[in-house]
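Written below as structure tokens is the structure these notes are about.
Since every read-out is calculated from the coordinates, none of them should be taken as a lab result. All figures in this text were calculated on a predicted structure; none of them were measured in a lab. Virtual Cβ from ideal backbone geometry, glycine too; neighbours counted across all protein chains shown.
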Amino acid sequence: MKSESLSEVHSSVNTNKKGWRKILAFLGPAYLVSVGYMDPGNWATDIAGGSQFGYKLIWVLLMSNLIAVLLQSLSARLGIVRGLDLAQASKYAYPKWANIPLYILAEIAIAACDLAEIVGMAIGLNLLFGFPLIWGIAITALDTILLLFLLDKGMRVMEIFIISMVSIIGFSFLVEMFIVSPVYSDVITGFVPSNLSGDALYIAIGIIGATVMPHNLYLHSSLVQTRKFDKTSEGMKNAIRFNFFDTVIALNLAFFVNAAILILAAAAFYVNGYYHIAEIQDASKLLFNLFGKAAPMFFAIALIAAGQSSTITGTLAGQIIMEGHLNLRIRPWLRRLITRLLAIVPAMFTILYFGDEALGSLLILSQVVLSLQLGFAVIPLIHFNSDKKLMKEFAIKTWVKVLAWLSAAIIVYLNIHLVIDEISGWIGSAGENKIWIYLFVIPLALACFALLVYVFVHPFISKTGEKDITIPHGQALNLEVIEKMSYKNIGIAIDFTGNDQEIIRSALNQGGKQSQYIFIHIVESAAARYLGKHTDDHETQLDKDSLLKYQETLINLGYQVKIEIGFGNPSNEISRIAKANEIDLLIMGVHGHKGIKDLIFGSTVDNVRHRLKVPLLVVA
């Protein structure tokens, strides 16, 4: 198994070019990251902030953007210098017991992010085409196919798709700004910091969570590794510099979009006395009433583009987190389906139980959940970039370290403040049910706080050496004299597709006349899947005759051969027959399909490989 982060696209983009072509080769990863900074979750918090407080929270957006630029550049630095993504680095730096809750918290953040994206997409489809929200949520499950297509086409195609989506969002809001025409002298006053409390604090934390998204820190540290560059000191310096430019440009575009949404809400709603517009649908209706048909149309187009692009990057982040923390790799479509279901279920429940109007509150809640998880990603990131032993000359300077820890302190302080306020409010309104808060909610909050403290303290006291950290899958073994393997029972999976001769020849070369050969064929007809071993249709008879022909031919040549026929699922049956016959080497052929075809026709080799503990020889 490869150890690289996102191994299917690792080092797939060549940067060995000159002049502006070299700069362009490095541009791209930050744009994939930036879509997470302008996803539908941002829309909900920005609209709520702008309608309720006017321009007063623009400074929070600016602060969030500056923190994002700093943290994303640290994330890129980690991936470039160490060749590890943030999840991998955390796995090697922290003990296994700590990595499991860190993984769970990261998955919750991914689900919260995906929740915002499917709700946003559903709302966008509703606004533009009139689809019911519940239909829109169901339709979003189909974007798994788009993700598979983009992954199959390579990293550059995916980046071009994302950049085109970002361009649509940016253009749509540029048009919106001309339509709404805010008073820019009033906008400037919003850059002056003001005191935060109550609802303003809640929305401000939602803005931070929607802007500085934890899964983007994992994503960026992996995406920069898609660039193939010299691993020399000079090569890494250039990569860090070019990726910093990429980050600054992309995140400033994201800041423009977020600021435009908040300014739009302030100019259209707050100024006109609509102070509590938290619902994206209400915002669109008011835009129609105030400015005509064009404004809500561009609003919906941008919303769909934001949701579709963010959902792709969220899936990649989920894959990185699962592989990094747990060293577990599953197929991209299955990873996507799991992520999507974790988000669709609460969205469906909210609509069916609370109604369409509750989706806005659900969006803001998802962003607050994201913010609460930030500390668990940010604190390790700063530790890793500060480690002079592992980062060597690329360890961050003292002034950068101070800014990074200050950013982390702001995030953690605001989150602790919010948790205390929220739990106090729940206790005050729970009545006789407050006992459950004392029994479950408070202990869970204290456990999370204890884990956060541990994540902060552990690197200061740990004596973990570089050997433990920088080698993801261990070192090469000292090989002694290698003797020829001797196999007693060799399994040969036959499917009569024209590749049989090569498969049989490969098997005979492995065992000679000393081994016993078990010819395995699985009947996959509808009758076989239903009747199992009782199947006796025409296809089964033909397959038995073909196997007997192979058996007779090889016995006449002096080989030991027996035949086995299974019925139904190929991977299940091949594994069962292999175990029953104590096969110590299995030889199979490949179909040559991948991507969507694997999803449709199945991937027998992969499934069998994970079910058996014997060597598997795959013949192409």
(Q) Taking the number of other C-beta atoms within 10 Å as the exposure measure, put 448, 113 in order starting with the fewest. (A) 448, 113
Q) With a 10 Å Cβ neighbour count serving as the proxy for reagent exposure, in which order, fewest first, do 32, 316, 403 appear? A) 403, 316, 32
Q) Ranking 162, 168 by Cβ neighbours within 10 Å, fewest first, what do you get? A) 168, 162
**Q.** Over 25 Å between alpha carbons, listed pairs 231/388; 228/613; 96/401
**A.** 228/613; 96/401
Q) What pairs from 56/434; 513/549; 91/392 go past 28 Å between their alpha carbons? A) 56/434
